[in-house]
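Novice: Please see the structure below; I have some questions.
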Amino acid sequence: MRLAKTRHNISKFAERTQCPTLDSVSAIWARGLVKHFDEVRAVDGIDLDIAPGTIFGFLGQNGSGKTTTIRMLTTLLRPTAGSARVDGLDILDDARAVRRRIGVALQEAGLDDIQTGRELLTLQARLFGMGGNARRQRVDELLAVVDLEDAADRAIGTYSGGMKRRLDLAAALVHRPGIIFLDEPTTGLDPVSREAIWRYVNRLSVEDGITVFLTTQYLEEADRLAHDLAIIDEGRIIARGSPAEMKASIGTDVVTVEVPVADGLGRAAEVAAGVAGVERVQIADGAAVVYVPDGARAVARIVLALDDAGIEVGDVGISRPSLDDVFLEATGHHLRVEEPAAAEGGAA
Amino acid sequence: MQPLATVYFLTVRSLREAVRNPAQEVGNIFVPLFFFAVTVGSIGSIAADAFGIDNFTGFQVPVAILSAASSISASAGLGTITDIQRGYFDKLLLTPAPRSAIVLGRIAADGVRAVIITGVIVVVGLIFRTGFDTGVFGVIVLLAGSFFFGTAYSGFNAAVALRTGSPQAAAAGGLLLFPLIFLSTAFAPKEVFADWLQVLATINPITYILEAQRSLIIEGWNALDLLRGAAAIVGFGIASFTLTFLALRWRTS
């Protein structure tokens, strides 16, 4: 079903860009993309091939290079090296044309508190060359889509965090872009507002065939929305595939054994690694993470082995592999989510 | 998107911001008028004997105008920084609008605000019997000059805002005009200055802008003064816009 939808979107994209070879079409394509800030290599050689009409999740913790990548692809930053094409256009040679075809909602909802929501969308539409009735209709339509009709004529400074994010999303869509970049669209939002944003993003892909490039530090968000996913750490892509493929690549269940005595953790890992069937063991956040097929049966063997070795065992958990396990396996540490001081929200 | 249309839309947006923040505009007009009243009150009665200036109130009107333009452009620099800090400047850069036009929109709004504030100061001056020797057409020339000076001077603050992104630096940038005003013929004619100050006043472009404005108010039409004033404003504009576009290029590279 998803493959058929993707093929349909590729056909529409190829028709729009008049590209003769479907196989070579990427909505977003990059090779060896690098960005240095003085001595810091914020992005260190990224390759991307994102199919039209898909939601591409770019998962990583703060400072991993997600935002720098998005700023290069959206023409806000010049790459130090490498090349990229968005909707078939070079981000350096055709920067203005690229901006015409993309919508962008950056991490901080970039809004002007003094304007009203309607004024902001109207100005945005004008700057994209939309005029007259078409502009007015589009603004009204978007205000309805993001449930801001009642607040449309209030100053943006009076909006809640969730309302600002929804308005920012509407501003990114005002000129009907084929590709939209969303930089951590739900960071700092409460669960209700987060759910609302997820609903809109999903609708963009499913109903409108828009390609979505979504950066996130939330595993659940990536798992739920993304058709295709890349994990970025220290400026490099370290894993790539659909969420299901990534989790399947772990190939085992995950048994997490907490050891209350800190200096017993290394020995616990050694003992667990010697248990029959265990494929590998990692230490993360005060626990031994044991990768083993058929975890339900193996857990008893692991606990007995630890007990025989005189190691005190705390909580024990068994789970199917999650994206966090994929992240842990690829980076050696869990994904650390950094929230703003207070979650904002208010879906109303 | 045509550059002129972009400038127009963003000028309207900046003016709307000014209308919705009236306290700031009151401050921009109050301070120059306060110094105008204090200067005229303290020196006005001796100006005729000391400097040979009969209409000292009219002599001081241009100083109030330039001070007001300076205040306006300082607040506009802060507005640019607010846009940068909120991320709204990035939102504008992400449109296909020419980037130079995005900056020029706010600068042009400063020019419009300078025209409005000049009109208020001229009316206050007329109430204090400054007269206006070149009549209605002279007022129009003065307002046009204020527009071009307002935009030219605003460019310096836009450059500081774009280069530093710092509210403190932008506020300091607005003070650039004050030493130039004190080193000009703002309070007395050049002839009464010490030699070294005469040299500085002669090379100071503010002297020529003040003299052009004064000629309209208290002397009558004087083509040479107007040409010198126009040349000084153009020089200001070339310098400030060059710095602005260099700062914009730095910010977007």
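Novice: Work out from phi, with θ = phi - 60° and the Karplus expression 6.51 cos²θ - 1.76 cosθ + 1.60, the ³J(HN,Hα) of each residue of segment B:106-117, listed in order in whole Hz, and give x for Gly and Pro.
Specialist: Here the 3J(HN,Hα) series is 5, 5, 5, 4, 4, x, 5, 5, 5, 5, 4, 5 Hz.
Novice: Need one number: nm distance between label points at B:ALA231 and B:LEU246, each 7 Å from Cα along Cα→Cβ, rounded to one decimal.
Specialist: 2.4
Novice: I would also like to ask the following. Quick one: check the C-alpha center-to-center distance for segment A:249-321 versus segment B:163-194, whole angstrom.
Specialist: Measuring centre to centre over Cα atoms gives 72 Å.
Novice: Have a look at A:VAL292, A:VAL271, A:VAL316 and report the one farthest towards the positive end of the charge dipole of segment A:252-320, computed about the Cα centre with Cβ charges (Lys/Arg +1, Asp/Glu -1).
Specialist: Value computed over the given set: A:VAL292.
Novice: On a full-extension model of 0.36 nm per residue, what is the gain between A:ASP90 and A:ARG154, subtracting their alpha-carbon distance, rounded to one decimal in nm?
Specialist: In short, 19.1 nm is gained.
Novice: A further question on this structure: What span do the alpha-carbon atoms of chain A cover on each of the three principal axes, reported in whole Å from largest to smallest?
Specialist: Cα extents, longest axis first: 79, 48, 47 Å.
Novice: How many angstrom lie between the C-alpha centres of segment A:181-235 and segment B:1-62?
Specialist: The distance from the Cα centre of segment A:181-235 to that of segment B:1-62 comes to 51 Å.
Novice: With N set to the residue count of segment A:252-320, report its C-alpha Rg divided by 2.2 N^0.38 Å to two decimal places.
Specialist: 0.93
Novice: Counting each DSSP H run of 4 or more residues in chain B as -39500 (n - 2.57), what helix-only mean residue ellipticity at 222 nm follows after dividing by all residues, to the nearest 500 deg cm²/dmol?
Specialist: Taken over chain B, the calculation gives -27500 deg cm²/dmol.
Novice: Against the longest alpha carbon principal axis of chain B, how many degrees, from 0 to 90 and to the nearest 10, is the axis of helix B:205-214 turned?
Specialist: The two axes meet at around 60 degrees.
Novice: What FRET efficiency do you get for B:GLN85 and A:GLU39 if R0 is 30 Å and r is their Cβ-Cβ distance, rounded to the nearest 0.05?
Specialist: With R0 = 30 Å, the Cβ-Cβ based efficiency is 0.70.
Novice: How far is it, in nm, from the label point at B:ARG129 to the one at A:ASP294 when both lie 7 Å from their Cα along the line to the Cβ?
Specialist: Distance between the two pseudo-spin positions: 11.0 nm.
Novice: Here's another thing I want to ask about it. Size of the dipole of chain B about the Cα centre, Lys and Arg at +1 and Asp and Glu at -1 on the beta carbon, nothing else charged, in debye to 20?
Specialist: Roughly 1100 debye, rounded to the nearest 20.
Novice: Now for a separate question. Starting from one equal scatterer on each C-alpha and no solvent at all, send me the Debye-based log10 I(q)/I(0) for segment B:1-122 at q = 0.12, 0.19 Å⁻¹, two decimals.
Specialist: Computed log10 I(q)/I(0) values: -0.54, -0.96.
Novice: What list of ³J(HN,Hα) couplings, whole Hz, do you get for segment A:134-142 from phi and the Karplus terms 6.51, -1.76, 1.60, once you set θ to phi - 60° and write x for glycine and proline?
Specialist: Whole-Hz 3J(HN,Hα) from phi for segment A:134-142: 4, 5, 4, 5, 5, 4, 4, 4, 5.
Novice: Enumerate the amide H contacts of A:ALA239 below 5 Å, restricted to partners 5 or more residues apart or on another chain; note that Pro and chain-start residues carry no placed amide H.
Specialist: Long-range HN contacts for A:ALA239: A:ILE231.
Novice: Over the Cα atoms of segment A:128-175, what radius of gyration and what Dmax do you get, in Å?
Specialist: Calculated on Cα positions, Rg and Dmax stand at 10.8, 31 Å.
Novice: Computed from the mean reciprocal separation of all distinct C-alpha pairs, what Kirkwood hydrodynamic radius does segment B:3-251 have, in Å?
Specialist: Averaging 1/r across every pair of different Cα atoms and inverting gives 18.5 Å.
Novice: Let me ask another. Through the Karplus equation 6.51 cos²θ - 1.76 cosθ + 1.60, θ set to phi - 60°, convert the phi angles of segment B:42-52 into ³J(HN,Hα) values in whole Hz; use x for Gly and Pro.
Specialist: Once θ is set to phi - 60°, the couplings for segment B:42-52 become 8, 10, x, 6, 9, 4, 5, 6, 7, 10, x Hz.
Novice: Something else: Would you pull out the residues with amide H under 5 Å of A:PHE213's amide H, same chain only if 5 or more places away, H placed 1.01 Å from N?
Specialist: For A:PHE213, whose amide H was placed from the backbone, the distant partners under 5 Å are A:PHE56, A:ILE180, A:PHE181, A:LEU182.
Novice: Treating only the Cβ atoms of Lys and Arg (+1) and Asp and Glu (-1) as charged, compute the dipole magnitude of the protein assembly as shown about its Cα centre; round to the nearest 20 debye.
Specialist: About 2100 debye.
Novice: Follow-up. Mind listing the long-range amide H neighbours of A:ASP253? Cut-off is under 5 Å, sequence gap 5 or more, other chains count too, H placed in the peptide plane at 1.01 Å from N.
Specialist: Placed amide hydrogens put A:VAL292, A:ASP294, A:GLY295 under 5 Å from A:ASP253.
Novice: Hull surface divided by four, with the convex hull built on the Cα atoms of the protein assembly as shown: how many nm²?
Specialist: That works out to 34.9 nm².
Novice: Of B:LEU246, A:THR67, A:VAL257, which is farthest along the charge dipole of the protein assembly as shown in the positive direction, counting Lys and Arg as +1 and Asp and Glu as -1 at C-beta?
Specialist: Farthest towards the positive pole: B:LEU246.
Coordinate-derived values only; no laboratory data. Treat the numbers as computed from the prediction; the structure is a model and nothing was measured. Heads up, the Cβs are rebuilt from the backbone with ideal geometry, glycines too, and the neighbour counts pull from every protein chain shown.
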